[in-house]
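Q: One structure, as structure tokens, below. Some questions next.
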4 protein chains.
Amino acid sequence: MKAYIVINFKAYPTSYGVKALEIAEATEEVAKKYGDVRIILAVPATELRSLASTFKVDIFAQHADPVPLGARTGHTPPEIIADTGARGYLINHSEKRLRLDQINYLVRRGRELGLETIVCADTPETSAAAAALRPDAIAVEPPELIGTGIAVSKAKPEIITGTVEAVRKVNRDVVILTGAGISNPEDVEAAIRLGTAGVLVASAVMKAENPKAKIEGMAQAAVRALKAS
Amino acid sequence: MKAYIVINFKAYPTSYGVKALEIAEATEEVAKKYGDVRIILAVPATELRSLASTFKVDIFAQHADPVPLGARTGHTPPEIIADTGARGYLINHSEKRLRLDQINYLVRRGRELGLETIVCADTPETSAAAAALRPDAIAVEPPELIGTGIAVSKAKPEIITGTVEAVRKVNRDVVILTGAGISNPEDVEAAIRLGTAGVLVASAVMKAENPKAKIEGMAQAAVRALKAS
Amino acid sequence: MKAYIVINFKAYPTSYGVKALEIAEATEEVAKKYGDVRIILAVPATELRSLASTFKVDIFAQHADPVPLGARTGHTPPEIIADTGARGYLINHSEKRLRLDQINYLVRRGRELGLETIVCADTPETSAAAAALRPDAIAVEPPELIGTGIAVSKAKPEIITGTVEAVRKVNRDVVILTGAGISNPEDVEAAIRLGTAGVLVASAVMKAENPKAKIEGMAQAAVRALKAS
Amino acid sequence: MKAYIVINFKAYPTSYGVKALEIAEATEEVAKKYGDVRIILAVPATELRSLASTFKVDIFAQHADPVPLGARTGHTPPEIIADTGARGYLINHSEKRLRLDQINYLVRRGRELGLETIVCADTPETSAAAAALRPDAIAVEPPELIGTGIAVSKAKPEIITGTVEAVRKVNRDVVILTGAGISNPEDVEAAIRLGTAGVLVASAVMKAENPKAKIEGMAQAAVRALKAS
């Protein structure tokens, strides 16, 4: 079993152009050293093609539009994301929530196209509901902790354990991730100790003075937690 | 066990004012005669207060806004719906879809306020997802059949049986309703025979020359189906 | 020329049921005494019918859905609002923004149905754009001041004068109102002195211990300002 | 004065990857031959960076999200579009409508970043409203004709002349484009003859067997129309 670190670039000033390339390169180096940790980069739509064609690390979109190809000005359907070389998409993030029927469309269409889907959710209840749609992964993130630096695994561990319990009732296979406020290696260890496969992290990496050191610290913590479990 | 007939007034020309009063009155008379059938009227927001204060039949809203009371211009929160005397709300209809987190909010808030919730869904998968949120009822409606007069129970019975199967895996108690294209008494019987508690119907009643006869025919069919099951 | 006081009930705890009736009754009494001041109450959808049938004071909706009658579950089209006895609708409030094409639809449809339209806007630029659609009134409200108790007429008078100037270039007839942070009689006077016809007010009335005294103070101020101008 | 041909790639199967490169290359060759015609390609977000870095022809986005940089998962703010090398964005297309305040934000922010903005609108009234926000260009497109192959300049020329008249009352400088159903060189000539600067075209090019011939035919027609005017 692998540990997961999903880095959400969001639309931070470091999320695009040269800075995005640097963080992707640093990630690639870390990923090579820690084979038991799968690192995924969720990047802006504009960066998908260049990053996916340059790096071996898994590149995901941060959203996909639940529409087919065709007369869809300003939309990015799953088919176009697949063409960029991306491996999947993160959807339903609290900053880009989707309707239930749209999540279902995107999970199903992703499966047909060979794209992996990570569905974000805000509570144990919505995590279980999303898990019923059979995506590849669920990331539970209480919105009130996102970007605070206060890890959900510390502030509200019962949300993590409650999510694992609720999700497992409807889906035995889905990967479960812990998000919101993940800042330090200890938060990664706690996420794995509480029964999830890893973390969804954003500002802690994207705003770090030394993103590579931050990612490496988290990867090491993930390895430690895997061994302990 | 009771059979259900939920009549969605939508925004048809008969959905408000005098016509709405007439249909509510006709429903009330039918409801008195068929005690084993629960008839619910989902009416426009503007009609909630007058209908709920005039009739004993259950009045529901067709939507609720997933926000608390306060500075929310143009919104209708659950708290205001409760004050009108309505008994619950229909949500996530294909003409008014909601985000997953919003459905969860409305189901939870409804429960706290003593309001019943019926969540519409388009497929067995989304029905199961919605059922994981523990509303009072689920109504499965393939959008492509809504308003066609082609009953889902005839055209795609496997959607109904598939929904019952998928929903029961995650929720044993939730009431399941069959929607989309319900036009005739036979459609009501088929819905119950296929394992659901009844129907969600709209145009067949709202555009009927004689709404009372239409409702009564459906109520009789429901009683027949109950006995046969 | 009349002065305007538009009271937006929003979804405050006082916006519905008995409290709403009390505020409407108080307004009616004030309105009778101050014939030069037109007072409009923008109320929740659920209260339109009962308030419009009980009181002579002008009742407006806080929003209308830009759709025709028909299969529109959970929507409130202009035609239904007209049927309740309401005289018009407030649209595009910062808490319920609309697309440009939707505002145009609602202004045009309102005109056809004999409903008045007040379009809210956030800046002089969007106020001018909205005025180009020829609604009955424009209300300029910088969103950052809404609900603060800091009147725009005090904090940013240049937004009011800039709006009057920008709007008059494209529309000579539209009524212009000042919103956001209106709390006291002086704010009403300032709004009229700066060249608008009156105010859009919400929390100052809806949260007042004595709403009638608050409304009456504002009506008196409006009369004073009219005489001075 | 230059004529304009804006080619909206939408999300057609030819809008991304190798096909998109081919159409961009063909456009570049045509653009070199017809110096009086400005050709703009509005491409999917995923293609902005590679096309803008490879070709000299003007690359535009088909949409921009009206948010600042930061914690905005799944959004593409104007700042990121600027970084890709794109020269501007098309916004408010009928397939991706925006709120009035959002259009205003994007026009203003585009101006600050040195990005050009083309705002689509559906009627003379909304075109005038959009023009009051001072974008670089307005494209009027009656939605019912989009994708039909029936040119608005033929079917409803009064919409074009009415738009020119309404827009010029509020903005003397804005470029006005004719969209919806543009299929042939004659449609381009008609658009210019009716007083606009050119066309917004999509399926006629994107679904053409020979896109280069289609673009070149339109460019020649534009040159003819310029001389005749």
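Q: Which distances in nm, rounded to one decimal and ordered from shortest, link the label point of residue B:172 to the equivalent label points in the other identical copies, with labels set 7 Å from Cα toward Cβ?
A: Reported distances to equivalent positions: 2.0, 7.7, 7.9 nm.
Q: Wrap a convex hull around the Cα atoms of region A:161-229, take a quarter of its surface area, and give that in square nanometres. Spell out each step's value before the answer.
A: Numbers: hull surface 18.5 nm².
Over every viewing direction, the Cα hull of region A:161-229 projects on average to 4.6 nm².
Q: Give the long-range amide H neighbours of residue B:40: residues separated by 5 or more places, or on another chain, with amide H under 5 Å away, using H modelled in the peptide plane at 1.01 Å from N.
A: B:5, B:6, B:7
Q: Now for a separate question. Among the listed pairs A:2/B:169; A:207/D:10; D:56/D:169; C:32/C:227; C:32/C:169, which are separated by more than 26 Å between their Cα atoms?
A: Exceeds cut-off: A:2/B:169; A:207/D:10; D:56/D:169; C:32/C:169.
Q: Taking each residue of B:87-98 in turn, how many C-beta atoms of other protein chains fall within 10 Å of its C-beta, and what is the average?
A: 3
Q: Okay, next question. Taking a label point 7 Å from Cα toward Cβ, how far is residue C:68 from its twins in the other copies, in nm, shortest first?
A: Label-point distances to the other copies, shortest first: 2.6, 4.2, 4.4 nm.
Q: Leaving out same-chain residues fewer than 8 places away, which aspartates and glutamates sit with a Cα under 12 Å from that of residue A:212?
A: Correct list for residue A:212: A:22, A:25, A:28, A:29.
Q: For the protein assembly as shown, give me the percentage of DSSP beta bridges that are antiparallel, rounded to the nearest 5 percent.
A: Of all bridge pairs located within the protein assembly as shown, approximately 5 percent are antiparallel.
Q: Further question: Residue B:32 to residue B:224: FRET efficiency via 1/(1 + (r/R0)^6), r the Cβ-Cβ distance, R0 25 Å, to the nearest 0.05?
A: So the FRET efficiency works out to roughly 0.85.
Q: Round to the nearest 0.05 the FRET efficiency obtained for residue D:168 and residue D:2 when R0 = 22 Å and r is the Cβ-Cβ distance.
A: That pair, residue D:168 with residue D:2, gives E of 0.75.
Q: Another question about this same structure. Grab every C-alpha pair in region C:7-228, bin the distances at 5 angstrom width from 0 up to the longest one, and report whole percents.
A: All Cα pairs considered, the percentages come to 1, 8, 16, 19, 21, 18, 12, 4, 1, 0, 0.
Q: Right, something else. Could you work out the relative contact order of chain A, using alpha carbon pairs under 8 angstrom and six or more residues apart, expressed as a whole percent?
A: Result for chain A is 20 percent.
Q: Here's a follow-up. Just to confirm the filter: which trypsin sites (Lys or Arg not before Pro) across region A:185-229 are DSSP coil and have at most 15 other Cβ within 10 angstrom of their Cβ? Intermediate values should be presented prior to the final figure.
A: Working: sites: A:193, A:207, A:212, A:214, A:224, A:227; in loops: A:207.
Those satisfying the criteria are A:207.
Q: From the phi of every residue in region B:141-150, what ³J(HN,Hα) in whole Hz does the Karplus formula 6.51 cos²θ - 1.76 cosθ + 1.60 yield, where θ is phi - 60° and glycine or proline is x?
A: Rounded to whole hertz, the list is 9, x, x, 5, 9, 4, x, 8, x, 9.
Q: Taking amide H positions as placed in the peptide plane 1.01 Å from N, state which residues far from residue B:198 in sequence (5 or more) or on other chains have amide H under 5 Å from it.
A: B:4, B:178
Q: What residue among B:85, B:75, B:132 has its Cα farthest toward the positive end of the dipole of region B:3-228, where the charges are +1 on Lys, Arg and -1 on Asp, Glu, each on the Cβ?
A: Going by the Cα projections, it comes out as B:132.
Q: To the nearest 20 debye, what charge dipole does region C:7-228 have about its Cα centre, counting +1 at the Cβ of each Lys and Arg and -1 at the Cβ of each Asp and Glu?
A: Computed charge dipole of region C:7-228: roughly 220 debye.
Q: Another question about this same structure. What is the pair-distance distribution P(r) of region B:1-121, computed from all Cα-Cα distances in 5 Å bins starting at 0, with each bin given as a whole percent?
A: Percent of pairs per bin, in order: 2, 12, 22, 23, 21, 13, 6, 2, 0.
Q: Still on this model: Can you list residues from other chains, or at least 5 along the same chain, whose modelled amide H is less than 5 Å from the amide H of residue B:139?
A: Close amide H contacts, sequence-distant or interchain: B:119, B:120, B:121, B:177.
Q: Could you tell me, in Å, what Rg and Dmax come out for the Cα atoms of region B:105-229?
A: So, for region B:105-229, Rg and Dmax equal 14.3, 41 Å respectively.
Q: What dipole magnitude, in Debye to the nearest 20, does region B:21-76 give about its Cα centre under +1 on Lys/Arg Cβ and -1 on Asp/Glu Cβ?
A: On the way: 6 positive and 8 negative charges, 37 e Å.
Here the size comes out at about 180 debye.
Q: Could you work out, residue by residue across A:62-73, how many beta carbons of other chains sit within 10 Å of that residue's beta carbon, and then give the average as an integer?
A: Working: counts 5, 4, 1, 3, 0, 2, 1, 7, 9, 12, 9, 19.
Rounded to a whole number, the mean comes out at 6.
Q: Evaluate E = 1/(1 + (r/R0)^6) for residue D:136 and residue C:136, where r is the Cβ-Cβ distance and R0 equals 22 Å; express this FRET efficiency to the nearest 0.05. Provide the component values of the computation, followed by the final result.
A: Numbers: r = 32 Å, r/R0 = 1.44.
Efficiency computed from Cβ-Cβ geometry: 0.10.
Q: What does the charge count near residue B:68 come to, summing +1 for each Lys or Arg and -1 for each Asp or Glu among other residues with Cβ under 11 Å from its Cβ?
A: 0
Q: Also, quick follow-up: Tell me, in nm to one decimal, what length is gained between residue D:113 and residue D:158 on full extension, where the rule is 0.36 nm per residue of separation less the Cα-Cα distance?
A: Stretched out fully, the residue D:113 to residue D:158 stretch lengthens by 12.6 nm.
Q: Which chain A residue puts its Cβ closest to the axis that rotates A onto D, and at what distance in whole Å?
A: A:45, 2
Q: Can you list the residues of region C:20-47 with backbone N under 18 Å from a point 7 Å past the Cα of residue C:210, pointing along Cα to Cβ?
A: Counting only backbone N, you get C:22-31, C:33-34.
Q: Distances from residue D:195 to the same residue in each other copy, label points 7 Å out along Cα→Cβ, in nm, shortest first?
A: Result for residue D:195, in nm, nearest copy first: 2.9, 6.5, 7.0.
Q: Separate question: May I ask you to evaluate 6.51 cos²θ - 1.76 cosθ + 1.60, the Karplus curve with θ = phi - 60°, for each residue of region C:71-78 and list the ³J(HN,Hα) values in order in whole Hz, giving x for glycine and proline?
A: Values per residue, Gly and Pro as x: 7, 9, 3, x, 9, 10, x, x Hz.
Q: What's the average, rounded to a whole number, of partner chain beta-carbon atoms within 10 Å of each residue's beta-carbon in D:118-125?
A: 3
Q: Along the Cα→Cβ direction, 7 angstrom out, place labels at residue B:54 and residue A:21. What is the inter-label distance in nm?
A: According to this spin-label approximation, the distance is 7.1 nm.
Q: Please list, in order along region A:83-88, the HN-Hα scalar couplings obtained from phi with the Karplus expression 6.51 cos²θ - 1.76 cosθ + 1.60 (θ = phi - 60°), rounded to whole Hz, x for Gly and Pro.
A: Karplus-based 3J(HN,Hα) across region A:83-88 equals 5, 6, x, 5, 9, x Hz.
Q: Now for a separate question. Can you check what the Kirkwood hydrodynamic radius comes to for the protein assembly as shown, Cα pairs only, in Å to one decimal?
A: 29.5 Å
Q: Let me spell out the model: positive unit charges on the Cβ of Lys and Arg, negative unit charges on the Cβ of Asp and Glu, origin at the Cα centre of the protein assembly as shown. What dipole size does that give, in debye rounded to 20? List each step's numbers first, then the result.
A: Numbers: 112 positive and 108 negative charges, 0 e Å.
Around 0 debye, computed over the protein assembly as shown.
Any read-out appearing in this document is the output of simple, stated calculations on the displayed coordinates, not a laboratory observation. Being a predicted model, the structure only gives us computed values, none of them experimental. No Cβ is skipped: glycine too gets one built from the backbone with ideal geometry, and neighbour counts run over all protein chains shown.
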